[in-house]
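The structure appears below as C-alpha coordinates.
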Amino acid sequence: MLEELDEIYEHSLRDLTITPTISELEKWYKRNLGRKGQVTELTRQVGQVSQEDRPTFGRRVNEIKQNLENAYEKRLADLKAAELDSLLVFDSIDVTLPGRRQLRGRLHPSTQILREIYRIWGDMGFQVYRSRDVETDEFNFELLNIPEDHPARDMWDTFHTTTPGVILRTHTSPGQIHAMREYCPEPIRVILPGMCYRYEQITARSEIQFNQVEGLAVGRYITMADLKGTLTDFAKRIFGKERATRFRANYFPFTEPSAEMDVECILCNGSGCQVCQYTGWLEILGCGMVHPTVLRNGGYDPDVYSGFAFGMGPERIAMLKYGIDDIRYFWANDLRFLEQF
Ligand code: PHE
(Lines give C-alpha, C1' and ligand atoms only; values in the text may rest on other atoms or scores of the structure.)
Protein backbone atom coordinates (compact mmCIF):
# COMPACT_ATOMS: atom_id res chain seq x y z
CA MET A 1 0.00 0.00 0.00
CA LEU A 2 2.77 2.44 0.96
CA GLU A 3 4.76 1.44 -2.08
CA GLU A 4 1.83 2.18 -4.32
CA LEU A 5 1.63 5.53 -2.62
CA ASP A 6 5.26 6.38 -3.43
CA GLU A 7 4.81 5.22 -6.98
CA ILE A 8 1.86 7.55 -7.48
CA TYR A 9 3.81 10.34 -5.88
CA GLU A 10 6.85 9.93 -8.09
CA HIS A 11 4.76 9.54 -11.17
CA SER A 12 2.75 12.66 -10.65
CA LEU A 13 5.84 14.62 -9.67
CA ARG A 14 7.51 13.60 -12.93
CA ASP A 15 4.37 14.59 -14.82
CA LEU A 16 4.41 17.93 -13.14
CA THR A 17 7.94 18.81 -14.18
CA ILE A 18 7.07 18.37 -17.85
CA THR A 19 3.79 20.31 -17.99
CA PRO A 20 4.57 22.73 -20.82
CA THR A 21 1.91 25.38 -20.21
CA ILE A 22 -0.24 26.84 -17.48
CA SER A 23 -3.35 25.27 -18.93
CA GLU A 24 -1.65 21.84 -18.96
CA LEU A 25 -0.63 22.47 -15.37
CA GLU A 26 -4.23 23.17 -14.40
CA LYS A 27 -5.25 19.86 -15.97
CA TRP A 28 -2.50 18.13 -13.97
CA TYR A 29 -3.84 19.75 -10.80
CA LYS A 30 -7.33 18.52 -11.51
CA ARG A 31 -6.05 14.98 -12.20
CA ASN A 32 -4.04 14.81 -8.97
CA LEU A 33 -5.15 17.27 -6.36
CA GLY A 34 -8.66 18.19 -7.56
CA ARG A 35 -11.81 17.05 -5.77
CA LYS A 36 -11.72 13.77 -7.68
CA GLY A 37 -7.96 13.72 -8.22
CA GLN A 38 -6.02 10.54 -7.50
CA VAL A 39 -4.11 11.93 -4.47
CA THR A 40 -7.34 13.31 -3.01
CA GLU A 41 -8.89 9.90 -3.50
CA LEU A 42 -5.99 8.38 -1.55
CA THR A 43 -6.72 10.53 1.49
CA ARG A 44 -10.20 9.07 1.48
CA GLN A 45 -8.80 5.53 1.52
CA VAL A 46 -7.15 5.98 4.90
CA GLY A 47 -10.09 4.20 6.51
CA GLN A 48 -9.51 1.07 4.47
CA VAL A 49 -5.91 0.69 5.63
CA SER A 50 -5.19 -1.72 8.46
CA GLN A 51 -5.15 -0.37 11.98
CA GLU A 52 -1.36 -0.60 12.39
CA ASP A 53 -0.42 0.93 9.05
CA ARG A 54 -3.01 3.67 9.24
CA PRO A 55 -0.89 6.37 11.03
CA THR A 56 2.08 5.88 8.68
CA PHE A 57 -0.15 5.87 5.65
CA GLY A 58 -2.04 8.91 6.80
CA ARG A 59 1.09 10.84 7.53
CA ARG A 60 2.62 9.85 4.19
CA VAL A 61 -0.48 10.81 2.22
CA ASN A 62 -0.57 14.21 3.84
CA GLU A 63 3.12 14.67 3.23
CA ILE A 64 2.73 13.75 -0.43
CA LYS A 65 -0.26 16.02 -0.79
CA GLN A 66 1.64 18.91 0.74
CA ASN A 67 4.74 18.27 -1.38
CA LEU A 68 2.70 18.15 -4.54
CA GLU A 69 0.87 21.33 -3.59
CA ASN A 70 4.23 23.05 -3.09
CA ALA A 71 5.63 21.63 -6.28
CA TYR A 72 2.52 22.83 -8.10
CA GLU A 73 2.89 26.39 -6.74
CA LYS A 74 6.52 26.45 -7.79
CA ARG A 75 5.79 25.10 -11.26
CA LEU A 76 3.03 27.69 -11.69
CA ALA A 77 5.39 30.52 -10.76
CA ASP A 78 8.04 29.17 -13.16
CA LEU A 79 5.60 28.87 -16.04
CA LYS A 80 4.29 32.38 -15.43
CA ALA A 81 7.80 33.78 -15.44
CA ALA A 82 8.65 31.91 -18.65
CA GLU A 83 5.48 33.16 -20.30
CA LEU A 84 6.35 36.73 -19.39
CA ASP A 85 9.90 36.27 -20.69
CA SER A 86 8.69 35.06 -24.04
CA LEU A 87 6.15 37.89 -24.23
CA LEU A 88 8.96 40.33 -23.61
CA VAL A 89 10.93 38.82 -26.45
CA PHE A 90 8.24 38.36 -29.07
CA ASP A 91 5.83 41.15 -28.24
CA SER A 92 8.38 43.77 -27.42
CA ILE A 93 8.56 47.27 -28.87
CA ASP A 94 11.96 48.09 -30.24
CA VAL A 95 12.41 51.59 -28.90
CA THR A 96 15.59 52.01 -30.94
CA LEU A 97 13.67 51.93 -34.26
CA PRO A 98 13.42 55.35 -35.90
CA GLY A 99 9.90 56.83 -35.79
CA ARG A 100 7.71 57.34 -38.84
CA ARG A 101 8.54 60.76 -40.12
CA GLN A 102 5.78 63.33 -40.49
CA LEU A 103 5.79 64.68 -44.04
CA ARG A 104 6.21 68.42 -44.06
CA GLY A 105 4.48 70.64 -46.55
CA ARG A 106 6.22 73.56 -48.15
CA LEU A 107 5.47 76.68 -50.12
CA HIS A 108 4.75 76.37 -53.83
CA PRO A 109 7.71 77.59 -55.95
CA SER A 110 5.54 80.44 -57.28
CA THR A 111 4.76 81.55 -53.73
CA GLN A 112 8.45 81.37 -52.85
CA ILE A 113 9.52 83.52 -55.79
CA LEU A 114 6.61 85.93 -55.19
CA ARG A 115 7.74 86.42 -51.60
CA GLU A 116 11.28 87.07 -52.74
CA ILE A 117 9.97 89.65 -55.20
CA TYR A 118 7.80 91.30 -52.48
CA ARG A 119 10.80 91.50 -50.19
CA ILE A 120 12.97 93.23 -52.78
CA TRP A 121 10.28 95.74 -53.75
CA GLY A 122 9.45 96.21 -50.10
CA ASP A 123 13.09 97.15 -49.45
CA MET A 124 12.76 99.72 -52.24
CA GLY A 125 9.67 101.26 -50.66
CA PHE A 126 6.91 99.61 -52.69
CA GLN A 127 3.73 98.45 -50.97
CA VAL A 128 1.75 95.35 -52.02
CA TYR A 129 -1.63 96.33 -53.44
CA ARG A 130 -4.19 93.65 -54.22
CA SER A 131 -6.73 93.92 -56.97
CA ARG A 132 -9.38 91.61 -58.37
CA ASP A 133 -8.90 88.62 -60.73
CA VAL A 134 -12.34 89.08 -62.28
CA GLU A 135 -12.38 92.36 -64.15
CA THR A 136 -14.52 94.36 -66.49
CA ASP A 137 -13.56 94.95 -70.09
CA GLU A 138 -13.40 98.63 -69.16
CA PHE A 139 -10.63 98.17 -66.59
CA ASN A 140 -8.73 95.42 -68.37
CA PHE A 141 -8.67 97.28 -71.71
CA GLU A 142 -10.46 100.57 -72.20
CA LEU A 143 -9.11 102.58 -69.27
CA LEU A 144 -5.66 101.29 -70.24
CA ASN A 145 -5.97 102.97 -73.59
CA ILE A 146 -6.98 99.82 -75.48
CA PRO A 147 -10.31 100.62 -77.17
CA GLU A 148 -12.73 98.00 -78.44
CA ASP A 149 -11.33 97.70 -81.96
CA HIS A 150 -7.67 98.22 -81.08
CA PRO A 151 -5.36 95.64 -82.70
CA ALA A 152 -3.39 95.35 -79.44
CA ARG A 153 -6.32 93.36 -78.05
CA ASP A 154 -5.04 90.43 -80.06
CA MET A 155 -2.15 90.17 -77.58
CA TRP A 156 -4.58 89.51 -74.76
CA ASP A 157 -7.31 87.06 -75.66
CA THR A 158 -9.10 86.01 -72.50
CA PHE A 159 -11.89 84.04 -70.81
CA HIS A 160 -15.33 85.63 -70.72
CA THR A 161 -17.92 85.11 -68.02
CA THR A 162 -21.62 84.76 -68.87
CA THR A 163 -22.08 88.37 -67.78
CA PRO A 164 -21.30 90.59 -70.78
CA GLY A 165 -18.18 92.72 -70.27
CA VAL A 166 -17.00 90.72 -67.25
CA ILE A 167 -13.81 88.80 -67.94
CA LEU A 168 -10.81 87.22 -66.24
CA ARG A 169 -7.99 89.74 -66.28
CA THR A 170 -5.28 89.10 -68.86
CA HIS A 171 -2.69 91.11 -66.94
CA THR A 172 -2.34 92.89 -63.61
CA SER A 173 -2.33 96.32 -65.30
CA PRO A 174 -6.03 97.09 -64.51
CA GLY A 175 -4.81 97.28 -60.89
CA GLN A 176 -2.98 100.48 -61.91
CA ILE A 177 -6.34 102.22 -62.41
CA HIS A 178 -7.72 100.88 -59.09
CA ALA A 179 -4.63 102.03 -57.19
CA MET A 180 -4.55 105.47 -58.83
CA ARG A 181 -8.24 106.08 -58.17
CA GLU A 182 -7.77 105.11 -54.54
CA TYR A 183 -4.61 107.17 -53.88
CA CYS A 184 -5.12 110.22 -56.16
CA PRO A 185 -3.69 112.85 -55.70
CA GLU A 186 -1.06 111.26 -53.39
CA PRO A 187 2.15 109.83 -54.86
CA ILE A 188 2.11 106.06 -55.40
CA ARG A 189 4.66 103.30 -55.09
CA VAL A 190 2.96 99.89 -55.27
CA ILE A 191 3.37 96.42 -56.67
CA LEU A 192 0.28 94.49 -57.72
CA PRO A 193 0.78 90.73 -57.68
CA GLY A 194 -1.71 88.10 -58.72
CA MET A 195 -3.02 85.52 -61.13
CA CYS A 196 -3.73 86.39 -64.76
CA TYR A 197 -5.53 84.39 -67.41
CA ARG A 198 -5.21 84.11 -71.15
CA TYR A 199 -6.98 82.11 -73.77
CA GLU A 200 -3.92 80.47 -75.29
CA GLN A 201 -2.58 77.20 -76.44
CA ILE A 202 -0.73 75.59 -73.52
CA THR A 203 2.90 74.95 -74.39
CA ALA A 204 6.24 74.70 -72.58
CA ARG A 205 6.40 78.51 -72.71
CA SER A 206 2.79 79.63 -72.29
CA GLU A 207 0.06 78.74 -69.84
CA ILE A 208 -3.57 79.85 -69.57
CA GLN A 209 -2.94 80.99 -66.01
CA PHE A 210 0.16 82.53 -64.47
CA ASN A 211 1.16 85.17 -61.96
CA GLN A 212 2.23 88.69 -62.75
CA VAL A 213 3.72 91.36 -60.57
CA GLU A 214 2.77 94.79 -61.76
CA GLY A 215 4.61 97.84 -60.49
CA LEU A 216 3.49 101.43 -60.45
CA ALA A 217 5.17 104.64 -59.33
CA VAL A 218 3.32 107.95 -59.75
CA GLY A 219 4.44 111.37 -58.57
CA ARG A 220 6.01 114.61 -59.68
CA TYR A 221 9.20 114.59 -61.78
CA ILE A 222 9.38 110.83 -62.24
CA THR A 223 11.44 110.15 -65.36
CA MET A 224 12.59 107.29 -67.56
CA ALA A 225 15.88 107.42 -65.63
CA ASP A 226 13.97 106.44 -62.47
CA LEU A 227 12.40 103.54 -64.33
CA LYS A 228 15.74 102.30 -65.65
CA GLY A 229 17.57 102.74 -62.38
CA THR A 230 14.88 101.06 -60.29
CA LEU A 231 14.41 98.08 -62.59
CA THR A 232 18.14 97.58 -63.05
CA ASP A 233 18.54 97.57 -59.28
CA PHE A 234 15.72 95.02 -58.96
CA ALA A 235 17.38 92.71 -61.54
CA LYS A 236 20.68 92.87 -59.70
CA ARG A 237 18.99 92.13 -56.40
CA ILE A 238 17.19 89.07 -57.71
CA PHE A 239 19.71 87.66 -60.22
CA GLY A 240 22.98 88.87 -58.70
CA LYS A 241 25.15 91.98 -59.02
CA GLU A 242 27.18 90.74 -61.99
CA ARG A 243 24.17 90.06 -64.17
CA ALA A 244 23.99 92.59 -67.05
CA THR A 245 20.65 94.09 -68.15
CA ARG A 246 19.45 96.01 -71.16
CA PHE A 247 16.33 97.83 -72.31
CA ARG A 248 14.78 97.41 -75.75
CA ALA A 249 12.14 99.70 -77.20
CA ASN A 250 8.73 98.07 -77.41
CA TYR A 251 5.07 98.95 -77.66
CA PHE A 252 2.30 98.87 -75.04
CA PRO A 253 -0.86 100.98 -75.41
CA PHE A 254 -0.76 102.06 -71.73
CA THR A 255 2.87 103.27 -71.59
CA GLU A 256 4.79 105.76 -73.70
CA PRO A 257 7.63 105.27 -74.30
CA SER A 258 7.55 101.51 -73.71
CA ALA A 259 10.36 99.02 -73.32
CA GLU A 260 11.22 95.47 -72.44
CA MET A 261 13.99 94.59 -70.07
CA ASP A 262 16.35 91.68 -70.73
CA VAL A 263 18.89 90.07 -68.43
CA GLU A 264 22.02 88.36 -69.57
CA CYS A 265 21.20 84.68 -70.13
CA ILE A 266 21.64 82.85 -66.86
CA LEU A 267 22.43 79.52 -68.50
CA CYS A 268 25.16 80.59 -70.93
CA ASN A 269 26.23 83.88 -69.28
CA GLY A 270 25.54 85.74 -72.49
CA SER A 271 27.50 83.61 -74.92
CA GLY A 272 24.37 82.24 -76.60
CA CYS A 273 22.46 78.98 -76.11
CA GLN A 274 19.22 77.26 -77.00
CA VAL A 275 17.29 78.80 -74.10
CA CYS A 276 18.11 82.40 -75.11
CA GLN A 277 17.80 81.44 -78.76
CA TYR A 278 21.47 82.35 -79.26
CA THR A 279 20.91 86.01 -78.41
CA GLY A 280 22.62 85.89 -75.01
CA TRP A 281 19.63 87.73 -73.46
CA LEU A 282 16.38 86.74 -71.76
CA GLU A 283 13.31 88.96 -71.57
CA ILE A 284 11.93 89.35 -68.04
CA LEU A 285 9.46 92.22 -68.10
CA GLY A 286 7.56 94.91 -69.99
CA CYS A 287 7.67 98.50 -68.78
CA GLY A 288 7.29 102.15 -69.71
CA MET A 289 6.24 105.61 -68.65
CA VAL A 290 2.53 105.67 -67.75
CA HIS A 291 0.58 106.97 -70.76
CA PRO A 292 -1.02 110.44 -70.19
CA THR A 293 -4.44 109.00 -71.00
CA VAL A 294 -3.99 106.30 -68.32
CA LEU A 295 -2.83 108.88 -65.75
CA ARG A 296 -5.92 110.93 -66.55
CA ASN A 297 -8.16 107.83 -66.23
CA GLY A 298 -6.63 107.33 -62.79
CA GLY A 299 -7.43 110.93 -61.78
CA TYR A 300 -3.94 112.45 -62.16
CA ASP A 301 -3.21 115.51 -64.31
CA PRO A 302 -0.51 114.36 -66.80
CA ASP A 303 0.85 117.91 -66.99
CA VAL A 304 1.73 117.76 -63.29
CA TYR A 305 2.29 114.08 -62.60
CA SER A 306 4.23 111.34 -64.31
CA GLY A 307 4.99 107.77 -63.50
CA PHE A 308 6.44 104.47 -64.60
CA ALA A 309 4.93 101.02 -64.68
CA PHE A 310 6.16 97.52 -65.31
CA GLY A 311 4.83 93.99 -65.44
CA MET A 312 6.87 90.87 -64.79
CA GLY A 313 6.14 87.13 -64.72
CA PRO A 314 7.32 85.47 -61.50
CA GLU A 315 7.09 81.99 -63.05
CA ARG A 316 9.35 83.19 -65.86
CA ILE A 317 11.78 84.56 -63.31
CA ALA A 318 11.69 81.28 -61.35
CA MET A 319 12.31 79.36 -64.59
CA LEU A 320 15.38 81.47 -65.32
CA LYS A 321 16.67 81.34 -61.77
CA TYR A 322 16.25 77.58 -61.34
CA GLY A 323 16.65 76.38 -64.92
CA ILE A 324 13.06 75.09 -65.26
CA ASP A 325 12.39 74.35 -68.92
CA ASP A 326 8.59 73.94 -68.93
CA ILE A 327 6.04 76.35 -67.45
CA ARG A 328 3.40 73.60 -67.27
CA TYR A 329 5.15 72.11 -64.21
CA PHE A 330 3.87 74.96 -62.06
CA TRP A 331 0.22 73.90 -62.11
CA ALA A 332 0.59 70.18 -62.85
CA ASN A 333 0.82 69.41 -59.10
CA ASP A 334 3.48 66.77 -59.59
CA LEU A 335 5.22 66.25 -56.25
CA ARG A 336 8.45 65.25 -57.98
CA PHE A 337 8.63 68.81 -59.24
CA LEU A 338 7.23 70.60 -56.20
CA GLU A 339 9.47 68.78 -53.72
CA GLN A 340 12.56 70.25 -55.33
CA PHE A 341 11.77 73.70 -53.93
N1 PHE B 1 0.66 94.33 -68.90
C2 PHE B 1 1.77 94.02 -69.78
C3 PHE B 1 1.65 92.56 -70.20
O4 PHE B 1 0.91 91.84 -69.66
C5 PHE B 1 3.08 94.26 -69.10
C6 PHE B 1 3.31 95.72 -68.79
C7 PHE B 1 2.93 96.23 -67.56
C8 PHE B 1 3.93 96.56 -69.69
C9 PHE B 1 3.13 97.55 -67.26
C10 PHE B 1 4.15 97.89 -69.40
C11 PHE B 1 3.75 98.37 -68.16
O12 PHE B 1 2.34 92.14 -71.11
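The values are calculated or read from the model by the stated rules, or taken from the named source; none is laboratory data. What you are looking at is a predicted structure, and each value in this text was computed from that prediction instead of being measured. Neighbour counts run over all protein chains shown; Cβ positions are idealised from the backbone, glycine included. Side chains are part of the model used for accessible areas, which takes the heavy atoms of the whole protein and leaves out ligands, DNA and RNA. Shrake-Rupley method; radii C 1.70, N 1.55, O 1.52, S 1.80 Å.
Details
- A straight Cα-to-Cα reach below 18 Å connects K321 with the lysines K236, K241, residues fewer than 8 places away in its own chain not being considered.
- A straight line joining the Cα centroids of the stretch 262-338 and the stretch 57-87 runs 89 Å.
- Sequence-distant lysines (8 or more away, or on other chains) whose Cα lies within less than 30 Å of K36: K27, K65, K74, K80
- Only protein atoms count toward the accessible area here, which uses a 1.4 Å probe; on the stretch 193-341, the carbon and sulfur part of that area reaches 48 percent.
- On the principal axes of its alpha-carbon atoms, the stretch 1-150 has extents of 135, 32, 20 Å, going from largest to smallest.
- Where the chain is the region considered: accessible area per residue in Å², 1.4 Å probe: 58
- Those chymotrypsin sites (Phe, Trp or Tyr not before Pro) in the stretch 185-274 that DSSP places in a loop and that have at most 13 other beta carbons within 10 Å: Y199, Y221
- Estimated vicinal HN-Hα couplings, Hz - the stretch 307-322 in sequence order (Karplus 6.51, -1.76, 1.60; Gly, Pro = x): x, 10, 9, 8, x, 10, x, x, 5, 4, 5, 5, 4, 5, 5, 10
- For the stretch 1-41, the fraction of C-alpha pairs more than 15 angstrom apart is 40%.
- Candidates I327, I93, I113: whichever shows maximal mean-square fluctuation once the chain is modelled as a Gaussian network with Cα springs under 10 Å: I93
- The stretch 1-108: trypsin sites (Lys or Arg not before Pro) in DSSP coil with no more than 16 other Cβ atoms inside 10 Å: R35, K36, R100, R101, R104, R106
- Counting only DSSP H runs of at least 4 residues, each contributing -39500 (n - 2.57), and dividing by the residue count of the chain, the helix-based mean residue ellipticity at 222 nm comes to -12500 deg cm²/dmol.
- Cysteines not pairable in the chain (beta carbon separation under 4.7 Å absent): C184, C196, C287
- Less than 5 angstrom separates the built amide H of F159 from those of L168, Y199, all sequence-distant by 5 or more or on a different chain.
- Under 11 Å, Cβ to Cβ, from D233 - net charge with Lys/Arg +1 and Asp/Glu -1: +2
- For the stretch 81-181, the list of GluC sites (Glu not before Pro) that fall in a loop by DSSP and count at most 12 other C-beta atoms within 10 angstrom reads E148.
- For the chain, the spread of Cα positions along each principal axis, largest first, Å: 142, 50, 37
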